[in-house]
Amino acid sequence: WKTYMDESTKFDFDMVENWRDGLDMLLVFAALFSGVVTTFVVQTYQSLSVDYAQVTASLMLRLIDIQVAISQGYP
């Protein structure tokens, strides 16, 4: 049993060490990704809001198109 315990302990230690290294890399990647996404959101936050002047202008143009169509006899 001693030989088995020695071998399994070595194998388990190596496996846990590999998991730890992989987890460290994953956490670094997650932190970098989070930083990039946060920067992107902060920079583009204002452009994500509605521009009411543009919406009003588009609606007015559409109303003019409808009035022109009605005056020309189109349904």
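For the reader, a short list of remarks on this structure follows.
- If you go through region 39-57 and keep only what is more than 20 Å from the chain's Cα centre (by Cα), part of a helix (DSSP H, G or I) and either exposed (fewer than 10 other Cβ atoms within 10 Å of the Cβ) or of a type in the set (Asp, Glu) (or both), you end up with 52, 53, 54.
- Filter result for residue 36 (of a type outside the set (S, T, N, Q) and outside any helix (DSSP H, G or I)): no
Since every read-out is calculated from the coordinates, none of them should be taken as a lab result. This structure is a prediction, so every number in the text was calculated from the model and none was measured. Quick reminder, even Gly has a Cβ in these numbers, built from the backbone with ideal geometry, and neighbours come from all protein chains shown.
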